[in-house]
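The structure appears below as structure tokens.
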Amino acid sequence: MCRMKWIWQQPDWPDFRYNESALKDRELGFRLNSERLAGSFDALPMASQEDATIDLMLSEAIKTSAIEGEDLDRESVRSSLFSLITSDTLPDISDHKAAGAASLLVDVRKNWQISLTHELLGKWQTMAVPQQRYTHVLRGAYRNDPSPMQIVSGLYGREKVHYEAPPAARVPDEMTKLIEWYNQTSSMGEDKTIPGIARAGIAHLWFEVIHPFDDGNGRVGRAIADHALSQSLGYPTTACLATAIEGGKKSYYLQLEKASRGSLDANTWLDYFADMAIKAQEIAREEVDFVLAKTRFYEAYGDQLNDRQARMVSRVFAEGRKGFEGGITTRKYEAITKCPNRTASRDLSDLVAKGVIIPLPGGGRTTRYELNISEQQVGSGLWKK
């Protein structure tokens, strides 16, 4: 029985095939949803637009790293994003991974109109893979190790090879072909016939098949997909693609593995990618609703909070849409505000009386609370704890 080839070994590589009509409804839906989302975004006060941008990018930075099994410190990423967006500089922090993840997302968003180049991709890879001690990962340049680049799992001696990329000697030429195709099919290129979702999905798959870098290929590949979606829309996308993918990353890796074998029929992969793009918009809409809820919450209760209460509320909102796991408790309040138990109990009772927080059911001996975010405050009611 003949062993199935990787798609880069096929004689018709890289001529991907797909059924454009199968993506038509989702392509139209993606564009309409993007316009609605942009309208909702523009309707926010300017300060809230900044908050929404940071919240959306914060989720993406954390999740695109989580897909690769890497945890980032939420507050370090937020600090880096805030500094980059407001002053175009990075804060003086020692968390280089958080700074790199934030820098990558901001750079992709800022440079959505420009063409891809070898240098730009190298720059993105250095952001995705900060310099670290005791590692020999090549940064800012394509891999040059002649040994096979393989994705494997399993114990030593019993490894399973999920994928093997083209040899390093082929990478420069392979990347040149991808970059030329990508730029020719952009909204500024000569061939504008490829639908936006198809172009983004193929670009991501094509890049992952080449796997041109020693490390950071997944993060850069998803950045390319975001870049492509933005070019198709004519403005930076707010879709949370990495967040959508991370919610089912086993399926993501399985789809990539399947698409990397056999023929260049990309229909199954693009069907999956289109679903992720639509889901990414739904997540973004929930994030914008969350920011709107936060704005209306402060309009309703902001002037009723003392300094300790305001600190606690700010800390809960900083956790994002899901808030504190397990709710707000007296002990958590004490830890956040550095106040004694009696003061914490009094402050929480005051917040309950004002309707700022409400008790959660099933607390047992410990009363747990959540912020009172009503559907009226949220608007569409999409953000709920």
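The values are calculated or read from the model by the stated rules, or taken from the named source; none is laboratory data. Note that the structure is a prediction, hence the values are computed from the model and not measured. With ideal geometry, Cβ positions are generated from the backbone for all residues, glycine too; neighbour counts draw on all protein chains shown.
Restricting the search to region 179-209, which residues are among the aliphatic types (A, V, I, L, M) and in a helix (DSSP H, G or I)?
Just the residues of region 179-209 that are among the aliphatic types (A, V, I, L, M), to begin with: 179, 188, 194, 197-198, 200, 202-203, 205, 209.
If the condition is that a residue be among the aliphatic types (A, V, I, L, M) and in a helix (DSSP H, G or I), then 179, 197, 198, 200, 202, 203, 205, 209 are the ones that fit.
Which pairs turn up if I take residues in region 166-192 that are over 10 Å from residue 116 (Cβ atoms) and look for partners that are of a type in the set (Lys, Arg) and in a helix (DSSP H, G or I) with beta carbon separation below 8 Å, at least 6 apart in sequence or on another chain?
Close Cβ pairs (under 8 Å, with a partner that is of a type in the set (Lys, Arg) and in a helix (DSSP H, G or I)) amount to 185/199.
With respect to residue 100, is the statement that it is closer than 17 Å to residue 249 by Cβ and small (Gly, Ala, Ser) true?
For residue 100, the condition - closer than 17 Å to residue 249 by Cβ and small (Gly, Ala, Ser) - is not met.
Just checking, how many residues over region 1-22 are among the basic types (Lys, Arg) and either at pLDDT 95 or above or surrounded by fewer than 10 Cβ atoms within 10 Å (Cβ to Cβ) (or both)? Steps first, answer last, please.
Of the residues in region 1-22, the ones among the basic types (Lys, Arg) are 3, 5, 17.
In the following step, the residues that additionally are either at pLDDT 95 or above or surrounded by fewer than 10 Cβ atoms within 10 Å (Cβ to Cβ) (or both) were identified as 3, 17.
Number satisfying all stated conditions: 2.
What's the number of the condition residue 176 fails, among (1) on the phi < 0 side of the Ramachandran plot; (2) assigned to a loop (DSSP other than H, G, I, E, B); (3) out of contact with any helix residue (DSSP H, G or I) (no Cβ under 6 Å at 6 or more places or on another chain)?
Unmet condition: (2).
How about region 37-48: which of its residues are assigned to a helix (DSSP H, G or I) and touching a residue at least 12 places away in the same chain (Cβ under 8 Å)? Write out each step before concluding.
Initially, region 37-48 is screened for residues assigned to a helix (DSSP H, G or I), giving 37-43, 46-48.
Within region 37-48, 37, 38, 40, 41, 48 meet the criteria.
Scan region 71-95 residue by residue and report those that are surrounded by fewer than 14 Cβ atoms within 10 Å (Cβ to Cβ) and part of a helix (DSSP H, G or I).
75, 86, 87
Tell me the residue from 296, 285 that is under 27 Å from the mean Cα position of the chain (by Cα), under 30 Å from residue 197 (Cβ atoms) and either of a type outside the set (Asp, Glu) or assigned to a loop (DSSP other than H, G, I, E, B) (or both), please. Working first, answer last.
Numbers: 296 fails: under 30 Å from residue 197 (Cβ atoms).
Residue meeting the stated conditions: 285.
Only one residue in 166, 212, 130, 148 is in a loop (DSSP other than H, G, I, E, B) and crowded, with 21+ Cβ neighbours inside 10 Å. Which one? Steps first, answer last, please.
Details: 166 fails: crowded, with 21+ Cβ neighbours inside 10 Å; 130 fails: crowded, with 21+ Cβ neighbours inside 10 Å; 148 fails: crowded, with 21+ Cβ neighbours inside 10 Å.
Sole residue among the options that is in a loop (DSSP other than H, G, I, E, B) and crowded, with 21+ Cβ neighbours inside 10 Å: 212.
Is it fair to say residue 106 is of a type in the set (Val, Ile, Thr), under 30 Å from residue 5 (Cα atoms) and in the same structural domain as residue 79 (by TED's automatic domain parsing)? Give the derivation first.
On the way: of a type in the set (Val, Ile, Thr): yes; under 30 Å from residue 5 (Cα atoms): no; in the same structural domain as residue 79 (by TED's automatic domain parsing): yes.
When the stated conditions are applied, residue 106 does not pass them.
Within region 100-120, is there a residue that is farther than 24 Å from residue 225 by Cα and not in a helix (DSSP H, G or I)?
Looking only at region 100-120, we keep the residues that are farther than 24 Å from residue 225 by Cα, and these are none.
The answer is no; no qualifying residue exists.
In region 291-302, how many are surrounded by fewer than 19 Cβ atoms within 10 Å (Cβ to Cβ) and either of a type in the set (Phe, Trp, Tyr) or at pLDDT 95 or above (or both)?
1
Could you list all residues from region 14-36 that are acidic (Asp, Glu) and in a helix (DSSP H, G or I)? Even if it seems obvious, please write down each step before you answer.
Initial filter on region 14-36 (acidic (Asp, Glu)): 15, 20, 25, 27, 35.
Those that are acidic (Asp, Glu) and in a helix (DSSP H, G or I): 20, 25, 27, 35.
Please list, ordered by first then second residue, the pairs with beta carbon atoms under 6 Å, 6 or more apart or interchain, first in region 74-90 and in contact (Cβ under 8 Å) with a residue 40 or more places away in the chain and over 10 Å from residue 103 (Cβ atoms), second in a helix (DSSP H, G or I) and among the hydrophobic types (A, V, I, L, M, F, W, C).
Close Cβ pairs (under 6 Å, with a partner that is in a helix (DSSP H, G or I) and among the hydrophobic types (A, V, I, L, M, F, W, C)) amount to 78/58.
Out of (1) at pLDDT 95 or above; (2) of a type outside the set (Gly, Ala, Ser); (3) closer than 24 Å to residue 263 by Cα, what's the single condition that is false for residue 227?
(3)
Here is a list: 78, 36, 26. Which entry is under 16 Å from the mean Cα position of the chain (by Cα) and farther than 11 Å from residue 288 by Cα? Give the derivation first.
Numbers: 36 fails: under 16 Å from the mean Cα position of the chain (by Cα); 26 fails: under 16 Å from the mean Cα position of the chain (by Cα).
Just one listed residue meets the conditions, 78.
So that you can scan it fast, the table gives a plain yes or no per residue for (1) outside any helix (DSSP H, G or I); (2) under 24 Å from residue 40 (Cβ atoms); (3) free of Cβ contacts under 8 Å to residues at least 12 places away in the same chain; (4) not assigned by TED's automatic domain parsing to the domain that holds residue 66:
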site	(1), (2), (3), (4)
245	no, yes, no, no
255	no, no, no, no
263	yes, no, no, no
280	no, yes, no, no
